[in-house]
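Below: one structure, written as structure tokens.
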Amino acid sequence: MDLELKDRVYVVTGASRGLGFASARQLTEDGAKVVLTGRDEKAVADAAAELGPNAVGIAADNADPGAAERLIGAARAHFGRFDGILISVGGPAPGSAADNTDEQWQAAFDSVFLGAVRLARAAASSLTEGGVIGFVLSGSVHEPIPGLTISNGLRPGLAGFAKSLSVDLGPRGIRVVGLLPGRIDTDRVRQLDALSGDGDAARARSESRVPLRRYGRPEEFGRAAAFLMSPAASYVTGVMLPIDGGARHGY
């Protein structure tokens, strides 16, 4: 299937590793060009080098108010256009409602929530018909995840923002989509499993609750992201797509 991604240009944040990198890789493999970002300059440069000449790495923090305009400007400066943004951020600190500190909440709000809102608003003001804004969120949008209280608090709000934005931008022909990863085999998920004290046992328990009985692979997430960001998904907007092997209990 031709996703019509050839020569389209996307910004992908949080893309030095994990789901952001998997998405950036698939976009470039399907013909797109990407500006990928992350907070660690060397990690971003290494990730861009791995993807080849159709990728440029720029160190940026989603919490930085100036990041959005700088990244969109870089897309145009390096590749001559800007067709969309996939906003992926690292997961906030784990913990319970009683344990998470004000500082952890504030840092997560600035990066996970307000940073994503700023990036989306800047993209919305720059995109034209056919543009797309994507959010990498979490299954916590629909079902709270034990031990991830901050994520449970912030992700549903971002999903609501994304839905509102899709209604606002629809008349301009700009789409807004969300991706809700479940247990995908990334460093982040392995770290969360290890918090139990026995990562292998935690993984086995989680896999037993997934209808497909396994963790997803990053490239499986990347393929779903590339499709939703592509013109092939031109009539898909305002949705939150679970990529979780069927783990969500609702429809």
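The values are calculated or read from the model by the stated rules, or taken from the named source; none is laboratory data. This is a predicted model, so every value here is computed, not measured. Cβ sites come from the backbone with ideal geometry, for glycine too, and all protein chains shown count toward neighbours. SASA here: full protein model, heavy atoms, side chains in, ligands and nucleic acids out. Shrake-Rupley method; radii C 1.70, N 1.55, O 1.52, S 1.80 Å.
Listing for the model above:
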quantity: Conditions (1) at pLDDT 95 or above; (2) surrounded by 21 or more Cβ atoms within 10 Å (Cβ to Cβ): number failed by G73; calculated: (2)
quantity: Single condition R121 does not satisfy, out of (1) buried (at least 16 other Cβ atoms within 10 Å of the Cβ); (2) closer than 19 Å to V239 by Cα; (3) charged (D, E, K, R); calculated: (1)
quantity: Residue match in the stretch 233-247 (condition: in contact (Cβ under 8 Å) with a residue 60 or more places away in the chain, surrounded by 15 or more Cβ atoms within 10 Å (Cβ to Cβ) and in contact with an Asp or Glu (Cβ under 6 Å, 6 or more places away or on another chain)); calculated: no
quantity: Checking F79 against (1) modelled with pLDDT under 95; (2) over 18 Å from the mean Cα position of the chain (by Cα), the condition it does not meet; calculated: (1)
quantity: In the stretch 142-163, the residues that are over 17 Å from G90 (Cβ atoms) and not in a loop (DSSP other than H, G, I, E, B); calculated: P156, G157, A159, G160, F161, A162, K163
quantity: Verdict on G157 being surrounded by fewer than 19 Cβ atoms within 10 Å (Cβ to Cβ), in contact (Cβ under 8 Å) with a residue 40 or more places away in the chain, touching a Ser or Thr at 6+ places or on another chain (Cβ under 8 Å) and over 20 Å from T37 (Cβ atoms); calculated: no
quantity: Residue ranges of helices (runs of 4 or more DSSP H) in the stretch 164-251 with at least 1 members closer than 27 Å to L27 by Cα; calculated: 187-194, 218-229
quantity: Among residues of the stretch 1-24, those that are open to solvent by 60 Å² or more (accessible area, probe 1.4 Å) and within 13 Å of the chain's Cα centre (by Cα), counted; calculated: 1
quantity: Strands (runs of 3 or more DSSP E) enclosed by the stretch 1-78 - at least 3 residues per element that are more than 17 Å from G134 (Cβ to Cβ); calculated: 55-59
quantity: Any chance A68 is touching a Leu at 6+ places or on another chain (Cβ under 8 Å), among the hydrophobic types (A, V, I, L, M, F, W, C), farther than 27 Å from D244 by Cα and open to solvent by less than 30 Å² (accessible area, probe 1.4 Å); calculated: yes
quantity: Residue in the stretch 54-64 that is in contact with a helix residue (DSSP H, G or I) (Cβ under 9 Å, 6 or more places away or on another chain), loosely packed, with under 14 Cβ neighbours inside 10 Å and touching a residue at least 24 places away in the same chain (Cβ under 8 Å) present; calculated: no
quantity: Subset of the stretch 124-139 [surrounded by fewer than 23 Cβ atoms within 10 Å (Cβ to Cβ) and of a type in the set (V, I, T)]; calculated: T128
quantity: Failed item in (1) open to solvent by 40 Å² or more (accessible area, probe 1.4 Å); (2) among the aliphatic types (A, V, I, L, M); (3) part of a strand (DSSP E or B), with I87 passing the rest; calculated: (1)
quantity: Residue match in the stretch 95-108 (condition: buried (at least 20 other Cβ atoms within 10 Å of the Cβ) and either in contact (Cβ under 8 Å) with a residue 24 or more places away in the chain or out of contact with any Ser or Thr (no Cβ under 6 Å at 6 or more places or on another chain) (or both)); calculated: yes
